[in-house]
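Below is one structure, written out as C-alpha cells, with a few remarks after it.
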Amino acid sequence: MIIYDTFKLAFHISLRHPNYKFGLPCLFIIIEETFSSFSPSGAYRAGKEKEALILWLQYNSDITQKGYEKKKSRLLSPYVPKQNSKVRQEAVQQALAQAMQSRHKPSMPMPSKRTSVMARSPDRSRHDSESSSDEDSIVNEETVESTPEREKLRDKGTPQIFPPPPLSDTSSTGSPPPLHHRPRLPQPNNNWDQRNRQDITDINSQPPDVTHNTVQGACRAAADRVNRYGSSTSDDTIGTGTGRWKVSAKIQQLLNTLKRPKRRPLPEFYEDDDIELEIAANPKDPNAPKPEGSCMTPAVGEQLIVPSGLPRNLEAAIMRYGNATFKAPVATVLDPNGKLSTTLTFGKLLSRSHKIAYALLTKSFSKNGDTSLKSGDRVALVYPNNDPINFLCAFYGCLQAGIVPVPIEVPITRRDAGSLQIGFLLGSCAVQVALTSEACLKGLPKTTSGEVIQFKGWPKLTWFVTEHLARTPKDWTPTPRLTDETPAYIEYSTDRDGSVMGVTVTRAAMVQHCRMLTMSCNYTEGENMVCVLDFKREVGLWHSVLTSVLNGMHVIYIPYALMKVNPASWMQMITKHRACVAVVKSRDLHWGLLATKDHKDVNLSSLRMLLVADGANPWSLSSCDQFLSVFQSKGLRADAICPCASSSEVLTVSVRRPGRGGVNATGRGVLSMQGLSYGVVRVDQENSLTSLTLQDCGQVMPGCVIVVVKMEGPPYLCKTDEVGEICVNSGATGTQYWGLQGLSNSTFKVQPLGTDGKPISDAEYTRSGLLGFLGPGGLVFVCGSRDGLMTVTGRKHNADDIIATVLAVEPMKFIYRGRIAVFSIRVLRDERICVIAEQRPDCSEEESFQWMSRVLQAIDSIHQVGIYCLALVPPNYLPKTPLGGIHLSETKRRFMEGALHPANVLMCPHTCVTNLPKPREAIDLLVHKVERSGGLLDEESDSSKKQQFIAEILRWRAQGTSDHVLFTLLNSKGAVAKVLSCSELHKKAERIGNILVEKGRINTGDHVALIFPPGLDLICAFYGCLYVGAVPVTIRPPHPQNLQTTLPTVRMIVDVSKSVLVLSTQAVIKLLRSKEASNVVDIKSWPIILDTDDMPKKKLPVAYRAPTAEMLAYLDFSVSTTGMLAGIKMSHAAVTNLCKSMKLACELYPSRHIALCLDPCLSSIYSGHHSILIPPSEVEVNPALWLSAVSQYKVRDTFCSYGVMELCTKGLGSSVNQLKSRGVNLSCVRTCVIVAEERPRINLTTSFSKLFSAIGLSPRAVSTSFGCRVNVAICLQGASSPEPSTVYVDLRALRNDRVSLVERGSPHSLCLMESGKLLPGVKVIIANPETKGQCGDSHLGEIWVQSGHSASGYFTIYGDENEYGDHFNARLVTGNTGEVYARTGYLGFLRRTELTERNCVAEETILSRESDTESVGSSHQLVPTDLPELHDAIFVVGALDEAIVLRGMRYHPIDIENSVLRAVFTWTNLLVVVVELDGNESEALDLVPLVTNTVLEEHHLIVGVVVVVDPGVVPINSRGEKQRMHLRDGFLADQLDPIYVAYNM
C-alpha cells in the first residue's frame, strides 16, 4: 500500500467541513503530530523510524507490542487522535518553494477565451445537482454534522498555501496590468546559486506567487463571478488606452517562461530517423540506481488445509444448507432508503436456482423450436447493482445447469462507455441469451415496437426473465457435475486501452479459490458479512457470492445508490447484525468518515475482518489509518483491517490475515520514489520530498507460489530489491482469455526464467498485472499496476501516484477528489502524461488556471516528470463506470478524438518533449547542375501580324474582323449578360482614352488607377489607358460589407502606385463617396475620379499614342501571401512575349472557345480566341455555374483557380446526379488548367477529377500551372503536354533542403505533383537562395527564371528598388555567371521524366548534348510520334518567404496545414496554429491537444500557440491562397476575436 511520506499522509482524506462553501481550510480533522510517530501495530518515535525500517528490512524484526501499549491510552483518549493530515500539502508546498528558489518566477500567460465560451464553461449557472454521483461528494455538505474538533479548526483556520491569485486576462476584452508596470524579468542565468533566493521559512506567511509576474504587493483579489467580465476601471488600465492586453505581450510572457533552464539538455546532433527518436526518448542514465540484491526465490504459501465439514463444492453447499437450514438467510439487500427490503433464504436459493436451471435446459429460445441451450453454453447475466438476490439465483441456476454465466453491467443507453467492447466479449463468447430481472428489463431502452434496442456492437440477444418461473417436475434433478476443468464462469477484465477480455475460471479453480479464502479469512458457518462492493466481479463476487455460500454465511448487501444517500449505512448494518466481516473499498472508508452525524450509534467491536479490496493503490493506506484512528473508540481492532491484492486473472494474490499478530502481521517501509521509477527498491529518509511509504498487502495465499518477474522482455526473475510483475502459480487462477489464445499464452502460461535463462520449474504461472516486490516473511508489497504504469523518458511512473500529488495541491477547492483520470498517450516515440479532472462549478477561470500551474510545478518537483496536458472538464462530464468511478479508457478515447469538451486546458509540450530532432549538418553536394529550357519562341510564326504590341493588335483586329466576338460575360444564372466584339471593344477604349485626355489631362506614362470589379468594363478601361499611353493600375473595389479593412488597402495602392487619376463605374464611385467610406478614408483625399458610365455622346477626335517596347504596359499590385504589398512593372515587350508563349503552349486560335473562371487576361486580344468570362463571385453563389457553362458552350479548354475548384468540390459533392440529369457533360473538356502561385494541391485536384468523372470529365484533363510575381507564367500543362508526373519525396530530408526520392507509401513520404511544362522561351535553374550557387539534383533550391516575359522590376512608393533589384537581376556565383535571372522566391527542384509510349501529337524535342546539365527545345513543330518523350518537370515546394525555419530546419506551412486543416505562421520563434472551428464553441478546447499532438507526431514541431477562430476568419485572396501574414498581424493586434487562445508551456 502506497503512502507518500513526501506528504506524510498517503491520501489526504478529505474530511470536509459542513460549511465547506465558506472556505477551504477546514478539510482535515487531524493536524499536529506526525503520523509516523504511531502505527496501528506498534509505534516508534519519528526520529527512530528510519532505524526501525532498516532493522525490519535487514533482520525481519517486528515493531514491539510494548511500544504499542505505551501509546495506546494516548491514542484512544481524545475522540480524534492528533495526527498530521496536512503533511502531503506541506510537502507539495515545500516542493513548490524549493522550485521557486532555484528558478525565476515563471510568467505563464493565461489562455484567452471568448466571453460566450467562458460564461458557459464550466456551467456555473447551476449547482451540480448530479455531483453526488461522484466518489467524494457523496454526502451533502450541509448535512454533515459538525464536531467540536472541527469547530476549533474552522475558528483557527488553516493557513492558505498561496495568496489570492491576481486577476488574469481570460478574454480578449480583459484589462491586465500594463507592461510598463511590470518588473523586468532577470536575464536567464545558468548559475542557479546566484539567483535571488527567498527564505523558505517565509513560505507560510507570504509564499511566492508562482504563476504571475506582477508585483507581489499589487496582487488583487480575484474578481467575483458576476462582475469579472466587465471592463476594469482600476489603475491597471492606465497608459494602455484601450485596456486590452495585446496578444504579442502574452507571447513575450510565454517566451520569458520558456527561457528558464530545462531539467535535461537536448541530446546533441543526430538525424531525425525513427531509431534515433526512440533512443532520445529512452536515454540511458549512467547514474540511475540499479538492483544489487541476489536473484529472488519463489515465495511459497502455507499448505492449504480444507476445514472438515466444508461442502465439497458449491452445488453441494446449496443442497446441504437448502435442506438442512433452509430458513437460514443467505442474502439481504437494503433498499435505497436503508430499510431491509428482501431476504433470500438458503431454501429459496435452492428452489429458485433449480427452477432457473430447468428453464435454461428445457426452454426453447430459438424461433425454430429447438432447445437452444445446453451444458457449456454461455449466457449473459444482466442485473443491476441493487439486485444481488436475483443475481445469486441466476448464477447458481447456471452452475447447476452446467451453463457458463458471463456477468456484465446493465446497459443504460445505446452508446454507453465501453459498451462496444462488452459487445465484442459477448460475441466472442457466442452469447445468445441474456438473463435479467423483470424490473431491469422494464428499465432497458426499447424500440417503438417495445423490444429491447440493439446495443452498439452487441450480438442479437434473447432476454429471459428469471423470476416467476414454473415449478420443476418432481422427478427432475440437475445433470451430474461436470468435470473440474470445464468453465464455471467468465469474468470480464478491462485493459488500459479499454479492450474487454473474458477471464475463464474453471470449476476446480473456483472451488479451490473459495477454500483458500475460507482458510485465509477464517470463515465459518452462520457468520454475517456486509458487502459494499460490486457482487458481479472480483472481490465482491469471490467473497459475497461464492465463498459465503460455500460456508453457509449471511451477506448483507449495501447498494451503491444507498451509499450515495447514507454513506454510514454499512457501519450501521455491522452494528445491527453484529457482522464479523465487511468487504469494502477505501472509498467507503472515506465516505464513512464524512458521515459524522451517524458515528455516535456505530459499534464495530464485532468486526474481526475489514477487508479492503483496493489495497493495491495509494489511496487505501491513509483511508485505513484515519478510519482506524476515528473508530478505535467504537470497538474497531487494529488487526481487523485487512488490505488485499487481487486481479481478475489470478484472483486473490494476497490478503493480510485477520487477528494475526507476531512477526508477519504487518510491514511498512519508507522508499525512494525515484528508485521505484527505475524499478529499484531503495530506503529513503522519512522527511524526503520524494519518498513514499509502502504498506504490505498481506501474505501469500495458502497453496500458492508467487514470483516477481521483469516487467519487460522475457520473464526473468527479479532481484530481491527490484520491482517487477507479480506472478502466481496455484490451482485457483484464471485459465485463459476466452477466444484469445495468443494473449492467453503470454498471460496464463508464463514460465519464469532464472539467471541462466532456463525455466526455474515446469510449473506455469499467471501474470497478475500488479507491480511490486516481496518483503520478509512472504509479505507482498504492491506499488502499482501494469495498466496504470506510464514509462516516460525511460522512467516508470504510476498513475495513482500522480493523482495523489494532484490532490495535494489545495485539494477539494478546485476539483472533485474521485473524478481524476491520469493516463499516457504516445506522441513522438514517447509516452506523455495527461491529467483530466472535473472542475467544481464555483471555481473561476483565473483560480483554475492558477491551480493548474501549481499542479505542474508540484509534479515536476516531486516526480521529476513533466505533464503533457492538464485539462479540467465541467462537473459530470467524464464518462463513468456503473459504480460511479471514472471510465479511464473511454476518457482517453474521447480525449484522443477531441470529444472531451474541456472547460480549461493547459498543454506543456515545451516542458516534457525532450527528443526533438535537430538539423543535419550541411553538406555541399554539387553533383549535377540543373538547368532547363522550355524551347525557343519562333519569331516568324506570327509573321502575318505586323503589329508588335497588344494595343496595336486590338486596332488591327477591329479593322479586319470587327464583328468577331472576343468576350462573353455570363450572369449568375448562366445566361449571357454582355458580349464584346473587336470593334465594340475598340470604340469603347477610344472613348475612354478621350475622357482621360480631355477631362483627366493625362500625359504619356501617367498612372491611372482602375477600380473595377472583374468584367468587361475593366477590359475596356484597360485598353482605353493603353490607347493614350497611360499606365493602368488594376485595383479590386473595396468590399461594401467590410470597408474598414478593404478600403484602406485600395487607398494605399492608389497612393503607392502614384496614380494621378481614378477611373471607375458609377456604383463604385458612389461607394467610395458614401458616409460609411468617409469614416474610413477622407473623401477629399482621393485624386480626380472619373466615371466611365458618364461619357460624352459627341464623337471626339482620336487621341491614340503608340507605345514603344520599353514603355510600361501596366502595373500589377497585389498583396503577397507573406503580406508584402508591391507592384510589378510589365513592359509592352514583356506583354507581347507573354501572349506569344501562352498562344503556343495552349494552342490558341480565333476559332477556339476558352472558359475563364478567373480575372480577365490579355491573350484573347493577341490570339483572337473567344473568352467566356464566368465571374468567380457568381460561382460562390452558384457553384454549378462554371461547369454548366463549360458543358453548354462545349468548351475544350478552361482555366480556373483552386478557390473555384474547392467551391465546386464542396458545394456539388452531393449534386452530381442532378447535374447529370440536367444534361451537364464535361467530356468536351481537353484541359482544365489551374492557375496558381503555389504547390499543386494534389488532394483537391484528385477529388475534383474523381467527383466529376461521373459527368464525363477525363482524369487527365485537370492540370496545373505555375507563375509568380516576377513571371506570371513559367510553366503550364498545355493541351499537347504529357500527363503530369508525381514523385514521392522524404519529408524529413525536405526540411534540410534535400530532395530524396522514396517509394509510394514509405514512412514520412510526401507526394508532389509537377507544376507543368516550361513555356516556350522560358529557362529555369535551381539556385541556393543564400549562396547563389547552382544546386545539384539532390538539393532543394530557389527557382530562378529567364524569359522575355519576366517583369522588369518592382514599383514602390519610394522608387527605391535596390532592396528588391536582386529579384530581377540575379546572377549565379558559379558556372555561367554572365546570365541574368529573375528570382521567383519559390523553392523547388527539376526532374527530367521519361513517359510511357503513347500515340499523340507531341512537340519534337531535340536534345543538344553539350553537357549533361542542359536541354534546349526546338521551335514547336507539330509532328506525330510514337516515341517515349523526355519531359522537363518543375516541382514547386513552397514560398521562400513563407517557409518557417525552426531549430535550423525549414518547414513549409502547407505541410503543417494539411495536418491541422487551416493556417500556421511563426512569431518570435513560436509556431502559431490557427484553426477554424466548424462546430459548437464548447468544442473549441478539444482542438488544442489534437493540434498539438498531430503537429508534434507528424512534423516533430512543438506548437507554441493554438488559436481557435470562427469559420472564414483566415483571410483568403482572390486566387484562393491563405494570407498568413495578414492573419498574423490581425492576431497580434487582437483583431481576430478568437474563440480560444491556448499558450502551450
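Listing for the model above:
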quantity: Hits in the range 553-580 - residues which are out of contact with any strand residue (DSSP E or B) (no Cβ under 8 Å at 6 or more places or on another chain), open to solvent by less than 10 Å² (accessible area, probe 1.4 Å) and not aliphatic (A, V, I, L, M); calculated: P567
quantity: Residues that are basic (K, R) and at pLDDT 85 or above, drawn from the range 481-509; calculated: R507
quantity: Of the criteria (1) open to solvent by less than 60 Å² (accessible area, probe 1.4 Å); (2) more than 53 Å from the chain's Cα centre (by Cα); (3) on the phi > 0 side of the Ramachandran plot, which one R1001 fails; calculated: (1)
quantity: Residue pairs meeting the criteria (Cβ under 7 Å; at least 6 apart or on separate chains; first basic (K, R), in the range 1246-1266; second buried (at least 23 other Cβ atoms within 10 Å of the Cβ)); calculated: none
quantity: Pair list, Cβ under 8 Å, 6 or more apart: the range 1484-1498 residue under 12 Å from C869 (Cβ atoms), other residue among the aromatic types (F, W, Y) and open to solvent by less than 40 Å² (accessible area, probe 1.4 Å); calculated: L1485/Y1540; V1488/Y1540; P1489/F895
quantity: Whichever residue in the range 850-862 is out of contact with any strand residue (DSSP E or B) (no Cβ under 9 Å at 6 or more places or on another chain) and closer than 18 Å to K796 by Cα and, among such residues, is surrounded by the most Cβ atoms within 10 Å (Cβ to Cβ); calculated: I862
quantity: Residues of the range 487-509 that turn out to be crowded, with 19+ Cβ neighbours inside 10 Å and closer than 26 Å to V822 by Cα, as a count; calculated: 8
quantity: Among (1) surrounded by 16 or more Cβ atoms within 10 Å (Cβ to Cβ); (2) closer than 23 Å to V700 by Cα; (3) of a type outside the set (S, T, Y), the one test that G739 misses; calculated: (2)
quantity: Residues within the range 853-891 that are within 25 Å of A417 (Cβ to Cβ) and not polar (S, T, N, Q), tallied; calculated: 21
quantity: Hits in the range 1409-1453 (condition: over 30 Å from I1502 (Cα atoms) and at pLDDT 85 or above); calculated: I1434
quantity: Some residue of the range 1454-1463 being open to solvent by less than 10 Å² (accessible area, probe 1.4 Å), modelled with pLDDT under 85 and assigned to a strand (DSSP E or B); calculated: yes
quantity: Residues (closer than 22 Å to K880 by Cα, in a loop (DSSP other than H, G, I, E, B) and open to solvent by 40 Å² or more (accessible area, probe 1.4 Å)) located in the range 417-460; calculated: Q454, K456, G457
quantity: Which listed residue, of V653, V707, is modelled with pLDDT of 90 or more, touching a Pro at 6+ places or on another chain (Cβ under 6 Å), outside any loop (DSSP other than H, G, I, E, B) and β-branched (V, I, T); calculated: V707
quantity: Scope the range 570-591; condition part of a helix (DSSP H, G or I), touching a Pro at 6+ places or on another chain (Cβ under 9 Å) and closer than 21 Å to E527 by Cβ; matching residues; calculated: D588
quantity: The range 1335-1352 residues that are within 13 Å of V1380 (Cα to Cα) and in a strand (DSSP E or B), paired with ones that are among the polar types (S, T, N, Q) and open to solvent by less than 10 Å² (accessible area, probe 1.4 Å) (beta carbon under 8 Å, 6 or more apart); calculated: V1345/N1271; S1347/S1141; S1347/N1271
quantity: Close pairs from the range 1523-1536: first touching a residue at least 12 places away in the same chain (Cβ under 8 Å), partner open to solvent by 20 Å² or more (accessible area, probe 1.4 Å) and in a helix (DSSP H, G or I), Cβ under 8 Å, at least 6 apart; calculated: L1532/S248
quantity: Long-range neighbours under 9 Å by Cβ, at least six apart or interchain, first residue part of a helix (DSSP H, G or I) within the range 507-536, second of a type in the set (K, R); calculated: R507/R481; V511/R312; S520/R657; C521/R657
quantity: Candidates I356, I318, I403, I389, filtered to the one that is touching a residue at least 24 places away in the same chain (Cβ under 8 Å) and over 29 Å from A579 (Cβ atoms); calculated: I403
quantity: Checklist (1) of a type in the set (A, V, I, L, M, F, W, C); (2) open to solvent by less than 10 Å² (accessible area, probe 1.4 Å); (3) outside any helix (DSSP H, G or I) applied to A977, failing item; calculated: (2)
quantity: Out of P811, P841, P752, P759, sole residue that is under 30 Å from S112 (Cβ atoms), in contact with a Pro (Cβ under 9 Å, 6 or more places away or on another chain) and either surrounded by 21 or more Cβ atoms within 10 Å (Cβ to Cβ) or at pLDDT 85 or above (or both); calculated: P841
quantity: Answer from A1126, A1184 - the residue that is in contact (Cβ under 8 Å) with a residue 60 or more places away in the chain and farther than 25 Å from A958 by Cβ; calculated: A1126
quantity: Residue satisfying all of: in the range 1171-1190; under 20 Å from S1227 (Cα atoms) and open to solvent by 10 Å² or more (accessible area, probe 1.4 Å); modelled with the lowest pLDDT among these; calculated: P1183
quantity: Failed condition for D1529, given (1) at pLDDT 85 or above; (2) under 18 Å from S112 (Cα atoms); (3) in a helix (DSSP H, G or I); calculated: (1)
quantity: Selection status of V1204, in contact with a His (Cβ under 8 Å, 6 or more places away or on another chain), open to solvent by less than 10 Å² (accessible area, probe 1.4 Å) and of a type in the set (A, V, I, L, M); calculated: no
quantity: Restricting the range 1480-1523 to residues that are open to solvent by 10 Å² or more (accessible area, probe 1.4 Å) and at positive phi, the residue that is modelled with the highest pLDDT; calculated: G1512
quantity: Where V865 falls short, out of the listed (1) open to solvent by less than 10 Å² (accessible area, probe 1.4 Å); (2) under 30 Å from R537 (Cβ atoms); (3) part of a loop (DSSP other than H, G, I, E, B); calculated: (2)
quantity: Residues being under 26 Å from T1136 (Cα atoms), surrounded by 23 or more Cβ atoms within 10 Å (Cβ to Cβ) and in contact with a Ser or Thr (Cβ under 7 Å, 6 or more places away or on another chain) - total across the range 1322-1343; calculated: 2
quantity: Unique match (being open to solvent by 40 Å² or more (accessible area, probe 1.4 Å) and within 26 Å of E990 (Cβ to Cβ)) among D1094, D1055; calculated: D1094
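The rows are residues; the columns are (1) at positive phi; (2) in contact with a His (Cβ under 9 Å, 6 or more places away or on another chain).
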residue	(1), (2)
T547	no, yes
G552	yes, no
V565	no, no
W570	no, no
K585	no, no
D588	no, no
W591	no, no
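The values are calculated or read from the model by the stated rules, or taken from the named source; none is laboratory data. Since the model is a prediction, treat every value here as computed from it, not as a measurement. All Cβ positions, glycine included, derive from the backbone under ideal geometry; neighbour counts span all protein chains shown. Just the protein is used for accessible areas: all its heavy atoms, side chains included, with ligands, DNA and RNA removed. Shrake-Rupley method; radii C 1.70, N 1.55, O 1.52, S 1.80 Å.
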